1. Pairs please, first residue from the range 202-221 and more than 18 Å from A59 (Cβ to Cβ), second anywhere and open to solvent by less than 50 Å² (accessible area, probe 1.4 Å), Cβ atoms under 9 Å, 6+ apart in sequence or on different chains.
2. Looking at F38, F71, F104, which one is closer than 26 Å to F182 by Cβ and assigned to a helix (DSSP H, G or I)?
3. Filter the range 41-59 for residues that are open to solvent by less than 10 Å² (accessible area, probe 1.4 Å) and in a helix (DSSP H, G or I) and give the result.
4. Could you give every pair whose Cβ atoms fall below 7 Å, whose first residue belongs to the range 37-60 and is farther than 17 Å from I4 by Cβ, and whose second residue is of a type in the set (V, I, T) and open to solvent by 30 Å² or more (accessible area, probe 1.4 Å), counting only separations of at least 6 or pairs across chains?
5. Using beta carbons and a limit of 9 Å, which pairs, at least six apart or on different chains, have the first residue in the range 176-191 and of a type in the set (D, E) and the second one open to solvent by 30 Å² or more (accessible area, probe 1.4 Å)?
6. Scan the range 118-159 residue by residue and report those that are within 18 Å of A84 (Cβ to Cβ), part of a helix (DSSP H, G or I) and in contact (Cβ under 8 Å) with a residue 60 or more places away in the chain.
7. Those residues that are open to solvent by less than 50 Å² (accessible area, probe 1.4 Å), part of a helix (DSSP H, G or I) and in contact with a Phe, Trp or Tyr (Cβ under 6 Å, 6 or more places away or on another chain), I need them from the range 171-209; list them, please.
Amino acid sequence: MIWINVVMYAVSLLFSRGVHFTLNPLNALAPSSDALIFLGASGTMALAYTNDWSSIFTANWLHGSLLHILFNMLALRTLVPLTAKEFGVYRMLSIYILSGAGGFFLSCLGGVPLTIGASAGLCGLIGALFYFGWSRGGSWGKMVFDQTKSWIFSLVLIGLILPNINNWGHGGGFAAGFILAFLFGYEERRRSGNIDILICAGMSLFTCLLLFRSIFQGMAAIVK
């Protein structure tokens with residue numbers, strides 16, 4: 001998952017007409033908006049150009065600066081192992097993909113002009129863990145529940161302090177993750193089975209095809 005995000009970030013820099021070199025860490029090594037839209041950014045402005053709602057799946061793998069991707073990948077390294085432990089790898093990946101799409105779908109409905117980043121999917125993992133801790137109970141469930149509450153508090157604080165934070169995407173991703181966790185269940189209640197593998201394989205293949213399509217179209221445009 002981290003490698004796909006890193007590769008897509010590198011591709012977005014490669015396709016950019018101008019990369020921002022600045023001492024401001026929030027904007028350092030920022031791909032151009034045109035490249036991000038072309039590669040699958042979501043939001044009302046992106047949809048006005050592309051009219052392609054599949055961007056709600058691809059936007060989850062794009063990032064707007066070096067700090068942006070570093071922060072999200074560190075969060076991914078923290079959340080993925082715990083979510084995979086409690087939900088299994090297949091359900092974890094499905095939750096990440098689908099909750100990311102849910103977050104970006106809500107962002108479009110909320111009028112966010114241009115939005116990208118793994119944070120919608122990450123919030124989906126937090127929502128799933130929040131459900132797990134609340135549903136499981138016991139000492140371990142309480143520990144997970146309390147940890148997710150601290151993450152939620154941090155997200156709300158960041159959303160209030162930092163500019164250009166997509167709170168619609170965060171909220172939509174969290175809600176989708178909570179609902180998906182309820183629908184899918186976790187390992188202690190239901191062991192991962194063939195249906196989980198099929199859903200994960202379908203979502204993963206669909207997302208990879210969309211990303212490959214964007215890269216191929218970009219390479220074809222450069223050759224021309």
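The values are calculated or read from the model by the stated rules, or taken from the named source; none is laboratory data. All figures in this text were calculated on a predicted structure; none of them were measured in a lab. Virtual Cβ from ideal backbone geometry, glycine too; neighbours counted across all protein chains shown. The area values use the complete protein model at the heavy-atom level, side chains included, leaving out ligands, DNA and RNA. Shrake-Rupley method; radii C 1.70, N 1.55, O 1.52, S 1.80 Å.
1. G202/S94; M219/F15; A221/F15
2. F104
3. If the condition is that a residue be open to solvent by less than 10 Å² (accessible area, probe 1.4 Å) and in a helix (DSSP H, G or I), then A46, S55, T58, A59 are the ones that fit.
4. Filtered contacts from the range 37-60: I37/T50.
5. Partner pairs satisfying both residue conditions: E187/K85; E188/R136.
6. G121, V144
7. Listed by number, the residues that qualify are A181, D196, C200, T207.
For (1) at pLDDT 95 or above; (2) more than 15 Å from the chain's Cα centre (by Cα); (3) closer than 20 Å to N167 by Cβ, each residue gets a yes or a no:
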residue	(1), (2), (3)
N24	no, yes, no
A35	no, yes, no
F38	no, yes, no
T50	no, yes, no
N60	yes, no, yes
T83	yes, no, no
M92	yes, no, no
Y96	yes, no, yes
F104	yes, no, yes
